[in-house]
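Step one of this worksheet: look at the structure below.
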């Protein structure tokens, strides 16, 4: 087969794109769903999911704990339509910052730009899709054109934005979100990136070159001679500073992967690198299908994290892993949270406090450094 | 029935570190193992592993194909002792460049610095480990001190190296490897990072802030005011340029995760962003335990990659996924390769050709850009 | 950092049994849950579960199709509290016969006899449980006494029943259910075995010796010289006869295992052994976490079943596998079904028609046999 | 598509059956493979497999322990060519009895009868296979005719054997094996069922109706009015008696499923039903890809088994689960065992001692019963 881009001209098999459009479902706090989770989800992973809901709603959201809550997202959750859950959680102040794969933010832009992804099947012939120029993410289908036009928007934004320096991913996503809000006001309801900017929720990506966003930034450097780049150091230090500032810390981990580790490494960065004895997470919720027995970090348990100082050894009862596809478990989880007593918190708007928090981190790190110097004299 | 409860008070727990040291096992090309794989591994995942070995040894390594071979590594493979396989493959020219999680390169440094990781058990009490200052990676155990001293070496290197600009991860790892070779000459036999520098194999990390290496670089920026940072754009463009230059392209993917996607996105970067119709991979071998049905990229099939133009639609017979823990399958795979006919290739030493290849990419990208401009006039 | 080590000597460990009692949750047909499944479950396994609900509610339950519906159950679903879903489905005529592991029927008896199983954790120390005489099924905990008393009831029933011959498991479970209804009338609401007898739903076990029920029957033969035994031939032929009689056939498979195969082999029994060309299943729904790539029958796809004549090759669109823990997915599935249009069907009461259906099978088998004899003459 | 048996006449696409024939690979005890397992398999599941090999070779096979070793087999291992490993282990006295799914014994008969199964692919179109009359077990392919002719042999044997009563599966498989040895003497080298008869190794099936063997026995009852049936009680009691007689007990579990539970329930049968305090297994090795977190018995840990008295609480160090496809791990395991010091034991020939062992069980059970009666007076 000749080398070329997907999509042969003149070919047409439109039925690949006949499925229902995928929409961002917004949880509303159904009492029926709460009842099912409380009374019907009693054992095995239903039991774990029920525990996760209770820990989140009763402990992490309890006003007296003032928990700083990080959400990490791996797996193509925005293509699968889970952006509405994330928007609802941000809007209600139930999530304070987010670490996700670049793909989740990239594909979120399709919704912001009003392109349509459709329900499909994982059992289609990919060679036919390729001929037809249809892109597949497991069972989500959309025309290759959606990629090209989204890329075009990103490159236009990069030129327009005039950013010409090294910034954190939170800064980049924030400016991107503001641009969306300005150019596509409806995107506040249909885009995680846009809504995060409105809500002041910082969005991080642990693998900044690894997605179509990263690809287009790389293009911008190579072709336009831009000096805009992502500085991973800024991301490491901002997340570290946010975690340091938390009265309590807790996370909701969807999937695992690099975002999970990037969240969890904040505490080792504090004790191992900066010499600041912060202690580990107070709450740890993971929804995943990865398994501990394969040895990787994605499937590593809260217990394993204790040995690294990532999780407070005293809090194992407040950690839980529910083994379930996030597309099933996360909407249930959000319905439960939205229907709970503490279903709205004052938003922390951390995106506006990053500099200040990093300054605190710097101060404490210097103090720790000088203390060590004094001790080793 | 009598049994000893774990962790009685007053008990000296030094036995956490009584397991055998983990060594980098080096494959030697055993004919017995080849026979087992050819004749005994006939169906199910044994059959797939046998296919993978045959595709690699007979097709990817065939001199007339001159395949550019990328190896991606997710999961803690160096802690598990698989670095010896990687060293052997690099030394023999059977792998041309590597994309791995930062953790794999970080923990490789322990071997370079002659620290000892030990065989242990995943069923130990992490609170006791925590009390004893023992770090656990699934069933690999070592003192926390190993982290602190390795960090110290990295920070010393950062100061010594005087790098004060944005560089690619391949450049950073290359300089780190040269430093190891100079300071610890034996590390050539005991470290992937050191040997890669000696063999000219570029080492990339798709999530540069996400590991203890990234944490220490972030420290260096915050505390020393260094301007050294990783520029992910350079990584994206270098990998893209390497893939563009390949007569044929093929990959061996261990695990999945961000390294897998970072490798595979090179072709979409070419057609989708740069407008260069290179076509997808010619060979695709993955050893993983992740599953396609969870929808994530780690478990996505070669077939799904076809719709994205990541895999050439004509070559599905030369793609294979063997579902097996890499710690079992990769040593078998390497024994087979080392024992095969084409078990040594001229090394491509790509680390020294990166600038030249990126220049070619730039030229072709500009040509494609101008062609499009001309067409849309 | 202070934390309490588990299992200090002298500590009263009664708190293993302090969790909430597990109850048989009964689905009520929540419109909120239907809306979530229709609108929020769009892709990945949420999409598959949504498809499964739609196929079941719209096609399998459609009156004009008069589908004979088999439910197969592997995994400890009654200990996890899913018996209430099964009772509701039987009562409404939405399930016509059941094939389950013996353990599911055995542990259902605890509910019938008013013993209490409790919510617990999978992370308890099994040696302490053993010391305390607490039995664990993953995270379900109960005193060993529950086993002993349930066994006693079974052995008493065996003596009282005076069965002294070889019977099918459906016959055995039917008589057991009648005994429960008589001796413990409330068990109609709290026991699958009891309610199945009331509803005329035959209950089969493909591995009759493999459970505490089988163990007690074996005791009865060895110690009491009874001639009561399970005749697996009767089970094979009854299931075969039920499937043969179906206007359409469809299944809901929870888990996989031996019950799955026992259901699916009915069609091969017809064409391969009896020479009766019935054709395969018209509908196939599986909820499982087992994976196709391991090669086993539990994870085998509807597609693989086509080659065996187990699934009608024309109906693949009406087959679906949702990869999800049944404890999460099955209550959602039942809520959807109970809330659907065709949420009540005339019960088939197959337990009373078994002889008649086997007579039809015998007649057709003889006719096929004679036809073959005539042809080969 | 019309209802009929697989295989439409006149259709021909012979290339489905062009793969290499699957042969029963026989392990020879390669020192290279032992070295790889000892030195290269250090962590994660490679580490577990290495542990399993060491426990088996050094402890279970140690002459002074005289361990009674049960092998359980789930998953289609004989179709995948693993029968040769089983034959070698039986011949050397390294396995004393076997519990497997009926499918494993049924498909073993194809090898005995000299039919050919072939290597194929899991990615073929099953509707085409159905048209062509080709049967698929994951990636193993063979003509439907192989089923029909194997069935014919079984039914002929049933008639010839003149068995007209209820027997255990071990008795049935023993007589079947003797028939094979007589009619097809070469089958001793090519069939587990035949070789087991020669070696006196009893073969059990926990789900006797659930396979083509069971289907043909059911035919024999229905069509020929035979009184031959499998009595599951006999299987339960024989396995129980074998376990009771073991100086030490240990198992090698491939997969999980019903055979795993059937083996493990022997100890609960003793203490829970017969009142005989035997204590649990001394050694427990499982090779599986099933996961503990799904809650089912297949994936249940040795630790969970402790709470049931299935595993001796003092021996957890001698239990191990290696998460790996058996098609990869079992040949490696057998190579290791065959190459080990104690690579040949006096065969126990338990098939000839069943009556005697059941008599001991009966005697002890009566004694326990009378003791309890005396105590409760």
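The values are calculated or read from the model by the stated rules, or taken from the named source; none is laboratory data. Because the structure is predicted, anything quoted here is derived from the model rather than measured. Heads up, the Cβs are rebuilt from the backbone with ideal geometry, glycines too, and the neighbour counts pull from every protein chain shown.
Structure values in brief
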{"item": "So residue D:328, is it closer than 30 Å to residue D:156 by Cα and assigned to a helix (DSSP H, G or I)", "result": "no"}
{"item": "The stretch C:364-377, residues that are over 30 Å from residue C:197 (Cα atoms) and surrounded by 16 or more Cβ atoms within 10 Å (Cβ to Cβ)", "result": "C:368"}
{"item": "Residues of the stretch C:15-54 that turn out to be surrounded by fewer than 22 Cβ atoms within 10 Å (Cβ to Cβ), without any contact (Cβ under 8 Å) to a residue 60 or more places away in the chain and under 29 Å from residue C:139 (Cβ atoms), as a count", "result": "2"}
{"item": "Identity of the residue in the stretch B:305-349, farther than 25 Å from residue B:91 by Cα and without any contact (Cβ under 8 Å) to a residue 12 or more places away in the chain, that ends up surrounded by the most Cβ atoms within 10 Å (Cβ to Cβ)", "result": "B:307"}
{"item": "The stretch D:224-263: number of residues that are assigned to a loop (DSSP other than H, G, I, E, B), in contact (Cβ under 8 Å) with a residue 24 or more places away in the chain and more than 10 Å from every other protein chain (Cβ to nearest Cβ)", "result": "2"}
{"item": "Tally, over the stretch B:284-303, of residues that are out of contact with any helix residue (DSSP H, G or I) (no Cβ under 6 Å at 6 or more places or on another chain) and in a helix (DSSP H, G or I)", "result": "4"}
{"item": "Test set (1) more than 11 Å from chain C (Cβ to nearest Cβ); (2) in a loop (DSSP other than H, G, I, E, B); (3) under 15 Å from residue A:263 (Cβ atoms) - residue A:309 fails condition number", "result": "(1)"}
{"item": "Every residue from the stretch C:350-363 that is crowded, with 16+ Cβ neighbours inside 10 Å and either out of contact with any helix residue (DSSP H, G or I) (no Cβ under 7 Å at 6 or more places or on another chain) or part of a loop (DSSP other than H, G, I, E, B) (or both)", "result": "C:353"}
{"item": "Members of the stretch B:294-304 found to be in contact with a strand residue (DSSP E or B) (Cβ under 8 Å, 6 or more places away or on another chain), within 16 Å of residue D:123 (Cβ to Cβ) and crowded, with 24+ Cβ neighbours inside 10 Å, listed by number", "result": "B:299, B:302"}
{"item": "Scan of the stretch D:148-199 for residues that are free of Cβ contacts under 8 Å to residues at least 12 places away in the same chain and within 14 Å of chain C (Cβ to nearest Cβ), ordered by number", "result": "D:148, D:152, D:156"}
{"item": "Unmet requirement for residue C:180, which otherwise passes all of (1) assigned to a helix (DSSP H, G or I); (2) more than 24 Å from the chain's Cα centre (by Cα); (3) buried (at least 20 other Cβ atoms within 10 Å of the Cβ)", "result": "(2)"}
{"item": "Residue in the stretch B:66-83 that is modelled with pLDDT of 95 or more and over 17 Å from the mean Cα position of the chain (by Cα) present", "result": "yes"}
{"item": "Of all residues making up the stretch A:278-292, the number that are within 27 Å of residue B:152 (Cβ to Cβ) and more than 10 Å from every other protein chain (Cβ to nearest Cβ)", "result": "2"}
{"item": "Count - residues of the stretch D:158-171 that are crowded, with 19+ Cβ neighbours inside 10 Å and part of a helix (DSSP H, G or I)", "result": "4"}
{"item": "Conditions (1) crowded, with 24+ Cβ neighbours inside 10 Å; (2) assigned to a helix (DSSP H, G or I); (3) more than 7 Å from every other protein chain (Cβ to nearest Cβ); number of the one not met by residue D:269", "result": "(3)"}
{"item": "Some residue of the stretch D:315-325 being within 19 Å of the chain's Cα centre (by Cα), assigned to a loop (DSSP other than H, G, I, E, B) and at the interface with another protein chain (Cβ under 8 Å from one of its Cβ atoms)", "result": "yes"}
{"item": "Output for the stretch D:32-54, where each listed residue is over 26 Å from residue B:31 (Cβ atoms) and part of a helix (DSSP H, G or I)", "result": "D:44, D:48, D:51"}
